[in-house]
1. Considering only the stretch B:23-57, how many residues are surrounded by fewer than 20 Cβ atoms within 10 Å (Cβ to Cβ) and either acidic (Asp, Glu) or more than 9 Å from chain A (Cβ to nearest Cβ) (or both)?
2. Are there helices (runs of 4 or more DSSP H) fully within the stretch B:141-193 with at least 3 residues that are at pLDDT below 90? List them.
3. Give the residues of the stretch A:1-46 that are within 11 Å of the ligand (Cβ to nearest atom) and acidic (Asp, Glu), sorted by residue number.
Amino acid sequence: MSEDLHRRAEQLKIDSMAGGISAPDLQWLGAHLEGCPPCAQRARAIERAVRTLRSVTVRVDPALLRTTRMKVYVRAEDLNRRGARRLLLWTSCATSWVWMAACALFLWHGFERLASQMGIPNWLWQAGFGLWWALPLLIVGIVLSMQQPAVNNERDLTAGLD
Amino acid sequence: MNSVEGEREALAQSLRTRDPEVIEHLIDQYQYRLFRYLIYLTGNREEAEDLFQETWIRVLERGHRYDGRSKFDTWLFTIARNLFIDRLRSKKTQVSIEEFSDSEGPESGNGGSPRNVPSPFDLVSQGEVYGQLSGLMDRLPFPSREALVLRFQEEFSLEEIARLMAVPISTVKSRIYRGIAILKESLEDSKHE
Ligand SMILES: [Zn+2]
């Protein structure tokens, strides 16, 4: 019998265990194994290999589970706190913008009068008026960036839970 | 929507709430499978334990990204795998990421285990993982070992494994084929010893 046929039998045996093969292939394989003791032996070895693989068990340490749960709770609390703080910041930022938009005309005239009294050139006070709008965003940015080191601190804290 | 899809959708919704109780429930449900997979992936109990914790924290943080369309276990294992690959990348001195790909063959010297990475069985072997398999799996190339575990222990379909490992199905098949061939030979050798 050609070597290719034995190789095909082995390939089909593995395929049949890994993902299934078509009915004609299965039929061919059965017939081949019946008439070819070496391939039948190889097929049994393949089955044994897979069986052995399936028999492996691993124990999960209960302490690992406790630590994991605790870390999850600590992180969830941290995320909630952070989320609430962020929401508060953005709400105040939005409120400032609404308030500024409502007073835009008044502000514009205010800037204009102040600039003329202090002898400030038009382009400068107009740029200042533009920057005024970015002020709430700037404050939010500063506050959020100040929160970053806190993340690392809390990581260190949870590292101690082991 | 059938009941399985309904369950996944419900899970996706509850993950969006970042409720730690939801994660706790999932830990109870998937602890064993995830840990077993990580043991095979890392070959090291300590690292597997670290990754186990990181994976669940990541599930909490990124839970809103689970859309419920795929199976949760595939998504979970993908997170664990990505964390592991990130670690490999950051530990360039120990193991290069190429060693996690298909570059090595079954004939390669140490059987394809990355340099300096102990076999899962060296480190988890205190009487718990086992049977005849001791010392055999570490002869397998990394990708084959992972494919075998996903197929025969986790019972993922070839399509799911391909998605998880981000490779074509044909590659998954060849990894499994190679893995079984080596495992079979190793078992035969050990029988004759
Ligand atoms: Zn034959």
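The values are calculated or read from the model by the stated rules, or taken from the named source; none is laboratory data. Keep in mind that this is a model prediction, so the values were computed, not measured. No Cβ is skipped: glycine too gets one built from the backbone with ideal geometry, and neighbour counts run over all protein chains shown.
1. 11
2. Details: elements: B:142-148, B:158-165, B:169-192.
Hits in the stretch B:141-193: B:142-148, B:169-192.
3. The answer is A:Glu3, A:Asp4, A:Glu10, A:Glu34.
So that you can scan it fast, the table gives a plain yes or no per residue for (1) of a type in the set (A, V, I, L, M); (2) modelled with pLDDT under 95; (3) part of a helix (DSSP H, G or I); (4) not assigned by TED's automatic domain parsing to the domain that holds B:Ala147:
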{"site": "B:Glu5", "(1), (2), (3), (4)": "no, yes, yes, yes"}
{"site": "B:Arg33", "(1), (2), (3), (4)": "no, yes, yes, yes"}
{"site": "B:Asp50", "(1), (2), (3), (4)": "no, no, yes, yes"}
{"site": "B:Thr55", "(1), (2), (3), (4)": "no, no, yes, yes"}
{"site": "B:Ile79", "(1), (2), (3), (4)": "yes, no, yes, yes"}
{"site": "B:Leu88", "(1), (2), (3), (4)": "yes, yes, yes, yes"}
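Here's the yes/no breakdown for (1) more than 7 Å from chain B (Cβ to nearest Cβ); (2) under 30 Å from A:Met17 (Cα atoms):
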{"residue": "A:Ala31", "(1), (2)": "yes, yes"}
{"residue": "A:Ala40", "(1), (2)": "yes, yes"}
{"residue": "A:Leu65", "(1), (2)": "no, no"}
{"residue": "A:Glu77", "(1), (2)": "yes, no"}
